[in-house]
Amino acid sequence: MTSPEHRPEMSDATQVLQRVFGYDSFRGGQQEIIEHVAAGGDALVLMPTGGGKSLCYQIPALVRDGVGVVVSPLIALMQDQVDALRALGVRAGFLNSTQDLEERRLVEAEFLAGELDLLYLAPERLRVESTLRLLDRGRISLFAIDEAHCVAQWGHDFRPDYLALSALHERWPTVPRIALTATATEATHTEITSRLGLQDARHFVASFDRPNIQYRIVPKDEPKRQLLALLRTEHPGDAGIVYCLSRSSVEKTAEFLVKNGIEALPYHAGLDARTRAENQARFLREDGVVVVATIAFGMGIDKPDVRFVAHLDLPKSVEGYYQETGRAGRDGLPSTAWLAYGLQDVVQQRRMIDTSEGDAAHRRRLADHLDAMLALCETVECRRIRLLDYFGEKSQACGNCDTCLTPPTTWDGTVPAQKLLSTVVRLDRERRGQKFGSGQIIDILLGKKTAKVIQHDHDSLKTFGIGADLGTAEWRAVVRQLLAQGLLTVEGEYNTLVLTEASAEVLGGRREVPMRRDPERAPRAAKSGTSSSRRAAPVDLPEEAVPVFELLRAWRAATAKEQGVPAYVIFHDATLREIATALPTTLAELGGISGVGDNKLAKYGQQVLDALAGDGGEAPVGAGPDPDTLPGAPDGTPGGEG
Ligand code: ADP
Ligand code: ZN
């Protein structure tokens, strides 16, 4: 890439950063990584979502001769990625299975003619000999392997096609390679290194902290209502993702939200490809859409203004959880990661592991993942300390998670644990082929003469009624924590509770069982949430800048619609916020704002200045936000159900 007025005192990389991307300075480790790769070195980059990985290969590709080849599994997002680059004036293209022959030919011709800076490829393309021959005939500046954790079987997104990527180095030994991922456990890191042959590469490991995300894990009670309360009080009109484990709960939850006036769309693998693509496109293109999805949704979604990620079911691993919650707040503004978790989650997941296909080692691995996730849920420590510790990083109490904001208390659960475990023992002895889950055991402890208790003569058990000092919810919390601590487990299709080896230590009085006391109500964020009819979060924007920000958003929505691209491809919220506060009056002033590069200044600069000049503080009639994207529920509307 050549720039007309080369400023020799600045490195090429810095010039590209400022002129093309419109940013003042590099973040974190970007500069070091970029200089290393631009000089021809191999790199493995571990950086959290939102850390700024894309620039780490985009800038070296622009600085070096030839085309940067980017391998990415995110076929559905390639068009948007390429559009976003083209909006910056970068010559980008992609090759994947969604294109017809003619479109592919066109991109291939551009590649061969040296008319591309970046070429995005789906990994399966590289299994095709004709693609390899095509690459042979062009000039490649670097290979970027995005979402590199897909090569690791230990992780949660394994893609067999990624295994073939080790061949890149054999075929093009002098072309530098940069592999990038936002997954950073020791095990995944090691696996990526060996499978991609990156032993001699430089490894750049950034901090994985995401300080703007507030982590909260609450006891699950009525999950849909808890979710609705969260959205209404803290995130009205905000874009967000809600994760559920099953397709049917995705459907039900989306319906429930829609009924309650929230613009929610379902997304799961059972929907046809077109509906999925449409729902994803609306989420990306419109403001304030909520997607309710299975984990099939979200990898590589680079929408910067996702304000919350909510989990209605327990994720299967801390890695997956961190990856999913990391989709919130890429723009660095305050965001929420919220998880509702209960006894049924533990029972269900233990069962799923028991019945899963695969060998004992595989099941062991799943169980280890689950145990780490449960430990995170039950901790009385700062959530962030736990999370970062999982990725091998030491940190301090964060002040921005539920346990920091509302410290939970612990209590000595040894005696209740003994009561419960001995009930399990007695039931096991008398079971005579009968199977009982946690419900029956709790009824026995509480001394409830239910039909089922009487039928099986359980009111004659020695432990009948000895747990009346606790309530049902508390007993459920006891069972949940015993399961989480491995002092109890479930078996068979009726989820029968059975002892583990460690149970004997508790029964024999050789082990204490500290427990977390569930808070009465879900803790609230420290920030005020008074007006629930507040429109989507211009977080921390000065009052007087709000109308200007809304005006700019309306202009952006109209422009994005006209050009058929997501709004953030035009300008990010963060850029609009800065414009609304700085109120530039000249193109030069506007060009100084972060996120306004040369190309966007030339293309949109005058329009923005005109919009600002014509603004009397109120949005002109007809230029307001798209009515389709306004938050649906008027203030105080009661729920549509119940
Ligand atoms: P990742 O791929 O690591 O999740 P991205 O590359 O999408 O992160 O970057 C996250 C956000 O940060 C994007 O909105 C990007 O434009 C912005 N960004 C990246 N680097 C910088 C920088 N040096 N200065 C300002 N913003 C940046
Ligand atoms: Zn904390």
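The values are calculated or read from the model by the stated rules, or taken from the named source; none is laboratory data. Here the structure is a predicted model, which means the values were calculated and not measured. Please note: Cβ atoms are built from the backbone with ideal geometry, for glycine as well, and neighbour counts cover all protein chains shown. Quick note on the areas: whole protein, heavy atoms, side chains included, nothing else; ligands and nucleic acids left out. Shrake-Rupley method; radii C 1.70, N 1.55, O 1.52, S 1.80 Å.
Observations
- Ligands, DNA and RNA aside, Asp24 has an accessible area near 100 Å² when probed at 1.4 Å.
- The range 61-140 and the range 327-387 have Cα centres separated by 37 Å.
- 10 Å Cβ shell holding at most 13 others, DSSP loop, GluC sites (Glu not before Pro): longest site-free stretch of the chain: 116-356
- Overall, the accessible surface of the chain at a probe of 1.4 angstrom is composed of carbon and sulfur to the extent of 50 percent.
- Taking the Cα atoms of the chain, the ratio Rg/Rh between the radius of gyration and the Kirkwood radius comes to 1.01.
- Sum of -39500 (n - 2.57) over DSSP H runs of 4+, divided by residues of the chain (222 nm, nearest 500): -12500 deg cm²/dmol
- Computed with a 1.4 Å probe on the full set of protein chains, the accessible area for Ser130 sits at about 70 Å².
- Taking each of Lys394/Lys419; Lys220/Lys419; Lys224/Lys561 in turn, the alpha-carbon distance tops 26 angstrom for Lys394/Lys419; Lys224/Lys561.
- For the range 157-201, the fraction of C-alpha pairs farther apart than 16 angstrom is 37 percent.
- Loop-resident sites, the range 409-479, for trypsin sites (Lys or Arg not before Pro), counting at most 10 other Cβ within 10 Å (DSSP): Arg432, Lys462
- The 1.4 Å probe gives accessible areas that order His149, His572, largest first, as His572, His149.
- Alpha carbon convex hull of the range 51-159, projected area averaged over orientations, nm²: 7.1 nm²
- Shown is the FRET efficiency for Gln606 and Asn212, computed with R0 = 25 Å from the Cβ-Cβ distance and rounded to the nearest 0.05: 0.15.
- Projecting the Cα atoms of Ser438, Ala328, Pro173 onto the charge dipole of the chain, computed from C-beta unit charges around the Cα centre, puts Ser438 farthest toward the positive end.
- Whole-number Å³ per residue for the convex hull built on Cα positions in the range 10-205: 110 Å³
- With contacts taken as Cα pairs under 8 Å at a separation of at least 6 residues, the chain carries a relative contact order of 15 percent.
- Mean-position separation - Cα centroids, the range 194-260 and the range 571-596, in angstrom: 31 Å
- Across the range 35-146, the relative contact order, built from alpha-carbon pairs under 8 Å that are at least six residues apart, equals 37 percent.
- Solvent exposure of the chain as accessible area per residue, Å², 1.4 Å probe: 43 Å²
- Solvent-accessible surface (1.4 Å probe) assigned to Trp172 amounts to roughly 30 Å².
- Measuring between their Cα centroids, the range 397-421 and the range 35-55 lie 40 Å from each other.
- For the pair Thr275 and Ala582, the difference between a 0.36 nm per residue extended length and the Cα-Cα distance amounts to 106.4 nm.
- Counted over all Cα-Cα pairs of the range 213-405, pairs farther apart than 22 Å make up 47 percent.
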